[in-house]
Each structure stands twice: as structure tokens, then as C-alpha cells.
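K.L.:
Following this message is one structure expressed as C-alpha cells.
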Amino acid sequence: MLNKIWIGFFLVSLITALGKLFFYQDTQVFKQMADALFDAGSLGFTIAIGLTGAMCIWLGFMRIGEKGGAVKLLSKAIAPLFRKLFPDVPEDHPAVGSIMMNFSANMLGLDNAATPIGLTAMKQLQEINPKKDTASNAQIMFLVLNTSGLTIIPVSVLAILSSNQASNPTQVFLPILMATFCSTLVGMTAVALKQKIKLIDPVIMAYIGSMTGILIALLIGLNYYPQYTQIVTDVGGNALLFGIVGLFFVLAIRKKVNLYEEFISGAKEGFQVAVQIIPYLIAMLLAIALFRASGAFEALLDGIRWLFLTIGLKYVEFVDALPVALMKPLSGGGARALFVELIPQFGVDSFQTKLAATLQGSTETTFYVLAVYFGAAGIKKTRYAVGMGLIADLAGIIAAILLSYYFYY
């Protein structure tokens, strides 16, 4: 599937560029595409270098947590749910703890921590994968839940709004939380139906019900006490992260683990993983860069705008923010740039900017995650992972638009 999509990006880009050359006499289009190719290659290597440091840090911490027994302890808390959603993964397998840590980091908006932990989880799932070149059911479920982007604290979005002097940056907090929850729920349901996992189960319903209750309580609490939203955003996520790392250290010290040596051992593995993903990362960035430079992405947006206007929709302001939604599955950095570009155009407190902020926080970089995670595990046949990930993205986009009209319009 990923192979077909990758080829499709190149073919559509080439056809679009030829059309611009012959029909619009755009003699610069192929130069722009060539420049985009080299820029993408350089960007991919730069990202990988930056990721190397994060991988070394967090795999070092995870190694300490594993040796100290913290990962096993965390795994027990979520094991009943994971036995249902990941029936092929043994109850005490290290992947359970890594998956839970990855979800926690994602929910807290800690991207630098989530990615290396997620890569660790994918490699651990690969250890029990009977077909090493083909994505297993457990790997697909993990990927889709990961790309659904459940976020409690959208750190980067709030930072951008604050730096541009938004009158109420935390106004997007609740809509993003609700939109990402919808995305995750739809993604999990879609994969569960495909894998014939029974969702109407007391254990699954108890966990989902508890999470829903916590989110509703958080929503109600912050709605009545909005002055605490900024504190939760600035302090809560990072404090919890360091609390978990502190737990790793305390448990490891109790077991008389040599923390320094174990950290170095984990960091060495992090370097190897980071180097391994470079070709996969650059391949996906190349395709995305060509798609943008050729004008295909802009043409797609124009077509969507024309369609909604033609069918006579009364409220079409959301189309102005759609570039962020369509770019996010392809490139997180590209979507962030489009979001930032909207601010001076419409104003930081405009409906379009708030919708773009909600879209930015409600979905994940699906193709990037698939390329990096499957690349780290050596997966070549992704089966239905792409389609399920995009279903979750679509659910998040629709929810973000509807919630934005309810909260901001």
C-alpha cells in the first residue's frame, strides 16, 4: 500500500508539473521540484540527526526503567485492556510497557519523548512478528492508535498562539482534546472490526468509559476554572514525564542497577535505530516535497474549495484552514508552517486561525509515522495500516471542524 501511495505522489506531481509547463508556461516548475528534492534530502538527514539525540536519551531511560522493573509495573496497569486490543502480544512482553509510555507521551504533547519510545515499541513487536517483512495485527493497531494523535496537552499549538499574542490561547484546549478523542476512538474501532476484535467487552468498555469520564471531568473542571488551563498545560505534562523518569531511577536504585551503564547501553541502541530509519524518512519526505513543489497540493485545495462553493454550503470559512488538515498527515512541519501563515492573513483570534489550531492538534503525521516506524522494524508490506490511519485522520478532521463551529463561530 505504501509503495503505491509513494509512486502515486511522484506520478501526480509529474503530471501536474507537465500541465503547468504546457498550459501555463510555468518554466520554473521543474526547477522548483529539483530544488525540493535536494531540500527534502537535506531535511530528512537533519531530522534524523536531531532524532538521534532524542533516541539516545529516551532509550537510555527506557533501559533503566526496564532493568528496574518500572516498565513491567506500568504494563500491569494497562495489561487487561491490551490483552483485548493486542491479543497476539504476551501479557508480560516489554512492548506493553513501551506502548503505554508512547501513548502517555503523545497525550501530553511530548513529541521528542513519544517518537523514540514508539520506535522501541515497534521493534519489540517485531520480535514476536512471525512474518518479518509484513506488518502484524498488533503493529497495525499500535500504528493507528499512534497516528490518531490523542492529545491532552497540545504544547506546540498553544505555544504558537501565545507567541502571536492571542487573547485566549487556551481556548483551543477543549476542542483539540475532544477531536483527538474522536479520532482515536474511530481508529481503534475501525482496526478492531478489521481484526475481528470484540469491542463490546466489559474490560474494554470499562477502560474506555473510565477514560471518557476522566476527559469529561477535565473538560468540566477547566470550563469552570479556565485560569488553571495554562498551569495544566505548562506544568502538568512535563512534571508527569519527570515523575515517571524519577520512578525509573528509584526502582532501579532499589534493585542496585548500574544506572550509568544501562543508560549507555540503551543510548547505543538508540543511535543504531536512528541511523536505520534515515532511508525510509528521506523517501517519504521526497514524495511529499514533490507533491507540494509541483503545485498538486495547491490544485487539490482549489478543487475542494470549488466543490463546496458549488454545492452551496452556507458556511465555507473552514476551507481556508483545510490546508493544515490536508498537510498534517503528510508533514507535521509543513502543516505547522501553513498554520503559522494563516495567522497574519486572518488574525490570531479569527475563526480560521482557531480552526487551523484545532486541526493542527487533532491529527498526526500519518505517512511520516508509518515510514519511520515501519522503517525501523524493516516492515515492507504495511497491509491496511495506511487506510486505517487515514480513517482516523478523517474522523479527527471532521470532529475538529464541527467542534470549531460550535466553540468559535
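K.L.:
Give the number of residues within the stretch 16-46 that are crowded, with 18+ Cβ neighbours inside 10 Å, of a type in the set (A, V, I, L, M, F, W, C) and modelled with pLDDT of 85 or more.
P.N.:
Of the residues in the stretch 16-46, 4 are crowded, with 18+ Cβ neighbours inside 10 Å, of a type in the set (A, V, I, L, M, F, W, C) and modelled with pLDDT of 85 or more.
K.L.:
Moving on to the next point. State whether the residues of the stretch 300-313 include one that is surrounded by 14 or more Cβ atoms within 10 Å (Cβ to Cβ) and not in a helix (DSSP H, G or I).
P.N.:
No, the conditions are met nowhere in the stretch 300-313.
K.L.:
Another one. Restricting attention to the stretch 375-386, which residues are at pLDDT 90 or above and part of a helix (DSSP H, G or I)?
P.N.:
If the condition is that a residue be at pLDDT 90 or above and part of a helix (DSSP H, G or I), then Ala385 is the only one that fits.
K.L.:
Then there is this: Which of the residues that make up the stretch 376-406 are more than 26 Å from Lys132 (Cβ to Cβ), among the hydroxyl-bearing types (Ser, Thr, Tyr) and in contact with a helix residue (DSSP H, G or I) (Cβ under 6 Å, 6 or more places away or on another chain)?
P.N.:
Hit for the stretch 376-406 is Ser404, nothing else.
A quick yes/no check of all residues on (1) within 30 Å of Gln25 (Cβ to Cβ); (2) in contact (Cβ under 8 Å) with a residue 40 or more places away in the chain:
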{"site": "Ala252", "(1), (2)": "no, yes"}
{"site": "Ala283", "(1), (2)": "no, yes"}
{"site": "Leu286", "(1), (2)": "yes, yes"}
{"site": "Arg292", "(1), (2)": "yes, yes"}
{"site": "Asp320", "(1), (2)": "yes, no"}
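K.L.:
Between Ala356, Ala392, which is more than 23 Å from Val191 (Cβ to Cβ) and either free of Cβ contacts under 8 Å to residues at least 12 places away in the same chain or not polar (S, T, N, Q) (or both)?
P.N.:
The conditions single out Ala356.
K.L.:
Among the candidates Tyr409, Tyr368, which residue alone is of a type in the set (Phe, Trp, Tyr) and either over 14 Å from the mean Cα position of the chain (by Cα) or at pLDDT 90 or above (or both)? Outline the logic, then answer.
P.N.:
Details: Tyr368 fails: either over 14 Å from the mean Cα position of the chain (by Cα) or at pLDDT 90 or above (or both).
Only one candidate qualifies: Tyr409.
K.L.:
Quick check on my filter: what residues within the stretch 1-39 are assigned to a helix (DSSP H, G or I), of a type in the set (A, V, I, L, M, F, W, C) and either under 24 Å from Ala385 (Cα atoms) or touching a Cys at 6+ places or on another chain (Cβ under 8 Å) (or both)?
P.N.:
Of everything in the stretch 1-39, those that are assigned to a helix (DSSP H, G or I), of a type in the set (A, V, I, L, M, F, W, C) and either under 24 Å from Ala385 (Cα atoms) or touching a Cys at 6+ places or on another chain (Cβ under 8 Å) (or both) turn out to be Leu2, Ile5, Trp6, Ile7, Phe9, Phe10, Leu11, Val12.
K.L.:
In addition: Starting from residues that are in a loop (DSSP other than H, G, I, E, B) and modelled with pLDDT of 80 or more, keep the ones in the stretch 201-258 and report whichever is surrounded by the most Cβ atoms within 10 Å (Cβ to Cβ).
P.N.:
Val257
K.L.:
Let me ask something else. Any residue at all in the stretch 138-149 that's closer than 30 Å to Gly347 by Cβ and at pLDDT 90 or above? I'd like the intermediate steps shown before the answer.
P.N.:
Taking the stretch 138-149 first, the residues closer than 30 Å to Gly347 by Cβ are 149.
Now narrow it down to the ones that are at pLDDT 90 or above: none.
Looking through the stretch 138-149, none of the residues is closer than 30 Å to Gly347 by Cβ and at pLDDT 90 or above.
This table checks each residue for (1) among the basic types (Lys, Arg); (2) surrounded by 24 or more Cβ atoms within 10 Å (Cβ to Cβ); (3) in a loop (DSSP other than H, G, I, E, B).
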{"position": "Arg336", "(1), (2), (3)": "yes, no, no"}
{"position": "Ile343", "(1), (2), (3)": "no, no, no"}
{"position": "Asp349", "(1), (2), (3)": "no, no, yes"}
{"position": "Thr358", "(1), (2), (3)": "no, yes, no"}
{"position": "Gly361", "(1), (2), (3)": "no, yes, no"}
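K.L.:
From Arg336, Arg383, which residue is among the basic types (Lys, Arg) and at negative phi?
P.N.:
After applying the criteria, what remains is Arg336.
The values are calculated or read from the model by the stated rules, or taken from the named source; none is laboratory data. Bear in mind the structure is a predicted one, so any value in this text is a computation, not a measurement. Glycine also receives a Cβ, built like all others from the backbone with ideal geometry; neighbour counts cover every protein chain displayed.
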